[in-house]
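Working notes for the structure below.
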Amino acid sequence: MEATIVTILALLFLSFVALGVYATVKVAKAAKRGVDRTLDQARRTVEDTTLRAKSFGQAGVAAELAKLRLSLRGSMRATQDALQAGAVEDASLRESLDLFARLSAHGRELDEDLKRLEREPDKAYVAGQLPALTERTERITGSADALRQAARDRARRFAEDDLETLSAQIDVETGALRHWTTTDGREAAAGPEATQPAWYESAPAPQAQPRAGETPQAITASDPRATPYPWEKTARPESAG
């Protein structure tokens, strides 16, 4: 018996240790991913700031290359954010994400080419490559912009359709909530007698006068409990004991 208890306690201890190790690994991986995202964002911010400085502070091919890289990076980043946000609610955008992934491969290749040309000492050669690089950048950014705008138009159209349906439902509901307007109209057409309150009682009919020589009948008083007011509950019959 004691050996069984010791075995169970040992298994519980090992289970808690394994659970603690698993949780620690998960937390460490999540922290690492957070640090990586922070570093990537900081690196992108530094690169964008450097490119803006080159595009405004320099002249010639260096400034043109910086402008092309800024245009490419900004368009691709905005499209990626729009598609990823829209795909959460619209599953049809997943195909668009696949197309954007293929487009991103061309964008990364172009960005690497532009980055290499920034270090190219032969400025005349770089100037000769600028027309082709500009056309290539415009084709990629044009496709990215088209995807982003189509995704936004689709989301806006769905929002407008949902708002139109919601407005129609609200109109029906408000009409149902104001049903007394039609009821009052019918009551007014039925005449004043149909609109008397529940507690209104008409005047009692006059009693017949006894004829000459007849003995008046005894008047039996009515039980007031037999005609309760409308707001009183009906008394339940007491069980015979």
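The values are calculated or read from the model by the stated rules, or taken from the named source; none is laboratory data. What you see is a predicted model, and the numbers here were worked out from it, not measured in a lab. Cβ: placed from backbone, ideal geometry, glycine included. Neighbour counts: every protein chain shown. The accessibility values were calculated without ligands, DNA or RNA, using every heavy atom of the protein model including side chains. Shrake-Rupley method; radii C 1.70, N 1.55, O 1.52, S 1.80 Å.
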Here are some residues: Ala53, Ala28. Which one is aliphatic (A, V, I, L, M), open to solvent by less than 90 Å² (accessible area, probe 1.4 Å), in a helix (DSSP H, G or I) and at pLDDT 75 or above?
Ala53
Considering only residues that are without any contact (Cβ under 8 Å) to a residue 12 or more places away in the chain and either open to solvent by 40 Å² or more (accessible area, probe 1.4 Å) or not small (Gly, Ala, Ser) (or both), which ones fall in segment 56-73?
Phe56, Gly57, Gln58, Ala59
Within segment 160-175, residues open to solvent by less than 60 Å² (accessible area, probe 1.4 Å) and either at pLDDT below 90 or within 29 Å of Thr79 (Cα to Cα) (or both) come out as Asp161, Gly175
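Inspect segment 81-102 for any residue being under 41 Å from the mean Cα position of the chain (by Cα), part of a helix (DSSP H, G or I) and more than 30 Å from Asp162 (Cα to Cα) and give the result as yes or no.
So far as segment 81-102 goes, yes, one or more of its residues are under 41 Å from the mean Cα position of the chain (by Cα), part of a helix (DSSP H, G or I) and more than 30 Å from Asp162 (Cα to Cα).
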With respect to Ala87, determine if the residue is open to solvent by less than 40 Å² (accessible area, probe 1.4 Å) and within 18 Å of Leu130 (Cβ to Cβ).
no
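Could you pull out the residue among Ala146, Ala124, Ala132 that is out of contact with any Lys or Arg (no Cβ under 8 Å at 6 or more places or on another chain) and surrounded by 11 or more Cβ atoms within 10 Å (Cβ to Cβ)? Walk me through how you get there before you give the answer.
Numbers: Ala124 fails: surrounded by 11 or more Cβ atoms within 10 Å (Cβ to Cβ); Ala132 fails: surrounded by 11 or more Cβ atoms within 10 Å (Cβ to Cβ).
When all the criteria are applied, what remains is Ala146.
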